[in-house]
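Scroll down for the structure; my scribbles are underneath it.
A short reminder: the numbers here are calculations on the coordinates, not readings from a lab. These numbers come from a predicted model, not from an experiment. Here the Cβ positions follow ideal geometry from the backbone for every residue, glycine too, while neighbour counts run over all protein chains shown.
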Amino acid sequence: MKLASRDILSLEEMPREDIELILDTAHSMKEIIYRPIKKVPTLRGKTVVTLFYEASTRTRTSFELAAKYMSADTVSIATATSSVQKGETLKDTARTLRVMGSDCVIMRHPVSGSCHFLARVLDIPVINGGDGMHEHPTQGLLDMFTMREKKGRLEGLRVAIIGDIYHSRVARSNIWGLGKMGAKVVVCGPATLLPPEIERMGVQATTRVEEAVEGADVVMVLRLQLERQQRGLFPSSREYSRLWGITRERLNLAKPDALLMHPGPMNRGIEISTEVADSPQSTIEDQVTNGVAVRMAILYLLLGGGEEK
Amino acid sequence: MKLRGKPEPLLIRGGRVIDPAQGIDAELDLLLEDGRVKQLGHGLEPDGARVVEARGLWVVPGLIDMHVHLREPGEEWKEDIASGTRAAAAGGFTTVCAMPNTRPPVDDAPMVNSVLARAAEKAVVHVLPVGAVTRGLEGKELAEMGDMAEAGAVAFSDDGHPIADAEVMRCALEYGRMFGKPIIDHCQDPSLSREAVMHLGYWSTVLGLRGMPAAAEEVMVARDIILSRLTGGKVHIAHASTRGTVELLRQARAEGLPVTAEVTPVHLCLTDALVHEMAYDTRTKVNPPLRSAEDVAALRLALAGGIIGVVATDHAPHHQDDKEVEYNYAAFGISGLETAVPLLITELVHTGIISPEILVERMTAGPARVLSLSAGTLRVGSTADVTLIDPGLEKAVEPERFYSKGKNTPLAGRLLRGWPVLTVVAGHIVMRDGEVLV
Ligand SMILES: [Zn+2]
């Protein structure tokens with residue numbers, strides 16, 4: 001089996017069959033992570049580059065471990081960037097990577113669409129490790145993998161996504177991915193953090209957290225970027241936590257066996273109470289493990305899967 | 001202008017002459033002599049004049065583009081007066097108004113003179129300078145509008161920047177009224193458009209790009225209309241782009257205020273969905289942004305009905321280095337002179353949305369009226385500026401063949417039908433079959 005696309009840029013563009021293939025492949029990859037010697041030779045001789053214009057130890061490490069467990073070599077390039085770009089352009093960086101013979105680039109970038117730009121310049125697979133406020137497709141896939149693992153299905157699930165939807169690439173990837181897999185998504189947050197016409201993406205939108213959480217199979221809490229407070233998008237984290245924070249009481253409105261998810265890192269006490277974050281319903285640690293499995297699956301399918309069959 | 005000497009007489013024979021200023025739409029011959037329109041009629045004899053057969057072509061007054069960025073002085077690698085006016089000639093334009101946001105900006109009489117002097121050396125079409133409203137385009141103190149008007153500025157604008165301070169706009173209108181020149185405002189409330197790179201709507205939500213609400217434009221259009229009412233000054237809204245703006249213009253017109261507006265070909269023909277379709281291609285990045293389908297529909301109606309009286313390209317050439325970057329970092333702007341006519345004919349005329357007469361009116365008599373120019377007509381005695389258009393000619397847009405240094409257009413590769421084939425400036429043929437001859 002092969003993926004339809006050469007790159008992993010967004011779940012909006014990814015066909016349902018590709019999502020299924022990645023999730024199924026991740027299932028067998030997860031088993032490798034639990035072995036005492038976590039090493040298979042699948043990607044020996046391949047070089048995977050992580051190009052991060054925005055700090056994210058979590059995502060970068062997850063990709064690097066995934067590559068290493070399959071014996072690929074990894075190179076990480078961390079680039080400080082400001083809104084006014086200085087020095088080498090992304091186009092030049094891309095050309096350098098190409099002539100250096102890398103086999104795949106994983107990029108995290110503060111500007112939406114920059115992975116599309118990179119993919120146009122490069123003839124090797126590009127994986128979007130999070131681009132601006134656009135998408136974070138591998139996070140969406142690991143979230144779906146976790147839900148499917150715990151619930152046995154995605155079809156028909158009611159998933160509430162709570163927080164700053166406007167700026168969230170995690171939300172966008174989950175909305176497209178879950179929509180394709182037949183889940184029902186409700187997004188919720190302050191009106192200033194809900195982007196216009198979001199319903200046209202196939203979700204229900206509300207500013208009332210109780211309405212969103214009611215009857216949910218999954219409650220996904222997003223990290224609140226506290227600098228949005230300075231920009232006047234919400235008045236205070238105190239008020240935010242009172243109106244949208246996920247507490248035990250609010251989580252109780254969801255189904256009794258509802259999952260609680262968070263892409264991390266958490267602002268405990270603001271978007272999520274510690275009691276809830278550490279409860280048995282929480283899948284936060286599973287999400288981290290599953291992240292490695294899903295990324296192994298993606299690297300395998302993009303770099304090695306085609307050759308074996 | 002670069003064109004010197006006496007042009008040879010020209011007889012343009014058998015074309016469909018469309019001159020809305022005279023209410024003419026008929027098969028006629030047109031005789032040009034000594035750089036002027038000599039005669040318009042049936043069965044004219046060449047009498048020594050060179051004959052141009054125009055059967056099947058539209059013969060229209062030389063097109064006027066009242067909103068062009070020539071980038072000279074200061075950014076000649078993006079465009080200069082020679083390349084920009086050759087692009088104009090290729091696009092069928094015989095007159096362009098040069099926006100003052102150059103480096104340094106055109107904000108005093110010596111700068112106006114300098115543009116006119118450079119144009120005299122290098123331009124192949126008429127160049128009319130627009131002066132800045134405020135010193136250094138800083139939006140604070142009025143520039144010397146009187147001096148600039150005397151030196152030849154045809155209008156005033158801080159284009160590229162809105163005139164954000166309402167008191168400054170009020171003074172500009174009051175002061176500018178003495179010279180009878182319009183204030184062209186790039187209407188955009190900076191607090192509502194901060195960091196925005198596309199239209200705020202469904203597609204900005206999907207793409208995760210910061211969106212500019214239509215309201216950013218509309219609040220300032222409303223303000224300008226109110227200030228025009230207060231001062232009696234002439235306001236011209238640059239590149240109107242939203243349905244709300246159209247509504248406001250309709251009210252201003254009903255009230256009889258001296259408020260006019262222009263719209264660009266791309267805002268009439270493309271929508272914000274293109275940013276998605278072209279997967280963040282920075283050639284779709286323009287300011288104001290490509291708007292929604294509803295906005296486009298309203299703009300088309302407004303153009304057809306005369307609520308918007310002018311088509312202007314806002315020709316904004318950029319170097320590829322300013323475009324081959326991440327979307328947020330890319331410069332705003334589309335190189336528009338060489339695609340305006342075929343885009344509008346393809347999308348609006350061949351589809352029956354507007355008639356050839358109206359299109360020609362909005363590109364000739366319309367801008368001439370706003371700027372009080374004698375150009376934009378084929379009336380006997382007027383300057384021999386003429387454009388011939390082949391409404392059936394089909395060609396793909398090839399930016400690499402543009403005369404403009406700016407190859408930045410989202411229309412690259414698009415097949416368009418209805419191209420200019422001959423441009424005559426003051427009796428001189430400057431473009432034939434797409435080739436600029438001077
Ligand atoms: Zn402008």
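For the range B:26-107, what's the radius of gyration and Dmax over Cα atoms, in angstrom?
Looking at the range B:26-107, its Cα Rg and Dmax stand at 17.6, 52 Å.
I'd like the GluC sites (Glu not before Pro) in the range B:174-244 restricted to DSSP loop residues with at most 13 other Cβ atoms within 10 Å, sorted by number. List each step's numbers first, then the result.
On the way: sites: B:GLU174, B:GLU195, B:GLU217, B:GLU218; in loops: B:GLU195.
Filter output for the range B:174-244: B:GLU195.
From the C-alpha gyration tensor of chain B, pull out the three semi-axes of the equivalent ellipsoid (sqrt of 5λ each), sorted largest to smallest, in whole Å. Spell out each step's value before the answer.
Details: eigenvalues 209, 119, 89 Å².
Semi-axes from the Cα gyration tensor: 32, 24, 21 Å.
Just how far, in whole angstrom, is the range B:330-353 from the range B:221-241 if you go by their alpha carbon centroids?
26
Can you give the relative contact order of chain B as a percent, counting alpha carbon pairs under 8 Å and 6+ residues apart? Write down the numbers at each step before the final one.
Details: 1120 pairs, mean separation 86.4, N = 438.
Once normalised by length, the contact order is 20 percent.
Taking θ as phi - 60°, what are the ³J(HN,Hα) couplings along the range B:429-438 by the Karplus curve (6.51, -1.76, 1.60), each to the nearest whole Hz, with x for Gly and Pro?
Working through the residues one at a time gives 6, 9, 9, 9, 6, x, 9, 7, 9, 10 Hz.
Enumerate by residue number the trypsin sites (Lys or Arg not before Pro) in the range A:187-233 meeting two conditions: DSSP loop (anything except H, G, I, E, B), and at most 11 other Cβ atoms within 10 Å of the site's Cβ. Could the numbers behind the result be given before it?
Numbers: sites: A:ARG200, A:ARG208, A:ARG223, A:ARG228, A:ARG231; in loops: A:ARG208, A:ARG223, A:ARG231.
Qualifying residues, ordered by number: A:ARG208, A:ARG231.
Kindly give the semi-axes, whole Å and largest first, of the ellipsoid equivalent to the range A:249-299, taking each as the square root of 5 times a Cα gyration tensor eigenvalue. List each step's numbers first, then the result.
On the way: eigenvalues 116, 35, 12 Å².
That gives 24, 13, 8 Å for the three semi-axes.
Can you tell me which lysines have their Cα less than 26 Å from the Cα of B:LYS323? Leave out same-chain residues fewer than eight positions away.
Hits, sequence-local ones excluded: A:LYS86, A:LYS91, B:LYS78, B:LYS285, B:LYS395, B:LYS405, B:LYS407.
If N is the number of residues in the range B:314-438, what value comes out of its Cα radius of gyration divided by 2.2 N^0.38 Å?
1.17
What 222 nm value per residue comes from the helices of the protein assembly as shown, counting each DSSP H run with n ≥ 4 as -39,500 (n - 2.57) and dividing by all residues, nearest 500 deg cm²/dmol?
Details: 27 runs with 246 residues, N = 747.
Value at 222 nm, helices only: -9500 deg cm²/dmol.
Enter the Cα centre distance for the pair the range B:42-76 and the range B:162-212, rounded to the nearest angstrom.
33
How many percent of all Cα-Cα pairs in the range B:244-359 sit more than 20 Å apart? Each step should come with its number before you reach the end.
Details: 3039 of 6670 pairs.
Counting every Cα pair in the range B:244-359, those more than 20 Å apart make up 46 percent.
Based on the Cα coordinates of the protein assembly as shown, what is the per residue volume of their convex hull in Å³? Intermediate results must be reported in sequence, preceding the final value.
Details: hull volume 122.2 nm³, N = 747.
With only Cα atoms used, the protein assembly as shown gives 164 Å³ per residue.
Which aspartates and glutamates have a Cα less than 16 Å from the Cα of B:LYS181, not counting those fewer than 8 places away in the same chain?
In chain and number order, the partners are B:ASP107, B:ASP108, B:GLU144, B:ASP147, B:GLU150, B:ASP158, B:ASP159, B:ASP224, B:GLU262.
Taking each pair of different alpha-carbon atoms in the range A:1-100 once, compute 1/r for the pair, average those values, and report the inverse of that mean as the Kirkwood hydrodynamic radius in Å to one decimal.
Evaluated over the range A:1-100, this radius sits at 15.9 Å.
Less than 13 Å Cβ to Cβ from B:GLY305, Lys/Arg counted +1 and Asp/Glu -1: what total charge do the surrounding residues give?
+2
So if I average 1/r over every pair of distinct C-alpha atoms in the range B:99-248 and take the inverse, what Kirkwood radius in Å does that give? The partial results should precede the final answer.
Working: mean 1/r = 0.0621 Å⁻¹.
Across the range B:99-248, the inverse of the average 1/r is 16.1 Å.
Please pull out the direction-averaged projected area of chain A, using the convex hull of its alpha-carbon atoms, in nm² to one decimal place. Before the final figure, lay out the partial values.
Numbers: hull surface 62.0 nm².
Here the figure is 15.5 nm², rounded to one decimal.
Gap in Å between the Cα centre of the range A:182-238 and the Cα centre of the range A:241-261?
When both Cα centres are located, 13 Å separates them.
Label-point separation (nm) for A:GLU214 and A:ASP92, each offset 7 Å from Cα along Cα-to-Cβ?
About 5.7 nm, to one decimal.
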